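What follows is calculated from the coordinates using simple rules that are stated; it is not laboratory data. Keep in mind it's a predicted model, so treat the numbers as computed, not measured. Counting neighbours? That spans all protein chains shown, and the Cβs are built from the backbone with ideal geometry, glycine included.
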Amino acid sequence: MADEQTEAPESSAVRVALWRAMHLEADSPPHVLEDEIGLQLATPEEDWRRRPDMDQRATSGFRAAIVARARFIEELVAEQADRGVAQYVILGAGLDTFAQRKPEIASRLRVFEVDQPGPQAWKRRRLAELGYGIPDWLHLVPVDFEASESWLEQLTAAGFDPGRPAVIVSTGVTMYLTKEATAATCQSVSRRCSRSAEMSWSTSARAREVAAGWASAWADAASAGEPPPAGVDQGAGGVQHRSVMRLMAWLRSAWT
Ligand SMILES: C[S@@+](CC[C@H](N)C(=O)[O-])C[C@H]1O[C@@H](n2cnc3c(N)ncnc32)[C@H](O)[C@@H]1O
């Protein structure tokens, strides 16, 4: 986690932004996602393409996963916006540029970007320097998931209504958090957010912690005699969020 006083992006967030930019240069069209703004925000060294983690062949799988998850989520948000959902929460937003690339959709919503204070202050400054600014429908909410503060309370103070439908996403974040912070995040959503909230996670190293977080949220609800938390199915191998299933379906349709 970044020092809270450090006004700089996390290197992990810059890396995924550069992979999204590299997708446009290294992969043949049609492109899964077109994001050049992340590169503008990041302003890497001129030789960034020669970084070992930007090796076009060696990192092609990572690049594919990064653009696929971003495209999946953007389609999910567009679909939910058409159904009247008006809140979109991006946990650990990093250099996400949905708000700048898709203002026609984003401006119909209240978009909440949650990230650590230092990296977020850096992004706020970069958006101003590039002339994007912060429109009134975009809320940058500084939160450290590892601190004792409640991210949901901070979000609510910024205008989020947990009682109303929302799309809540977290991509590429849980692997940087402790399992306690991941479980607490899952529980805040399942206990306090609208049952029609649509939640989408991407996980890797911490997949087990996310599954455990949802499992405990599910058990919690069951012991209180409530239905399972929104969007959670208990499958044979544990708990899977329905967005994972939707992602699989989307990948099948996009690449067949
Ligand atoms: C790999 S980046 C992913 C960015 C974005 N979600 C994406 O997919 O492009 C991880 C993000 O999680 C944020 N993060 C890591 N630890 C955090 C914490 N304790 N509290 C809040 N955000 C955190 C980082 O600042 C960074 O922006």
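Projected label points at residue 83 and residue 124, each 7 Å from Cα along the beta carbon direction, are separated by 3.3 nanometres. For the range 43-184, the Cα gyration tensor yields ellipsoid semi-axes of 25, 19, 17 Å (square root of five times each eigenvalue, largest first, whole Å). Which part of the range 38-56 falls in the paramagnetic zone of residue 11, meaning amide N under 17 Å from the point 7 Å along Cα-to-beta-carbon? Zone members listed by number: 42-55. Taking label positions 7 Å along the Cα-Cβ direction at both residue 154 and residue 45, the computed distance is 3.2 nm, reported to one decimal. The slack between residue 164 and residue 108, meaning 0.36 nm per residue of separation minus the straight C-alpha distance, is 18.6 nm.
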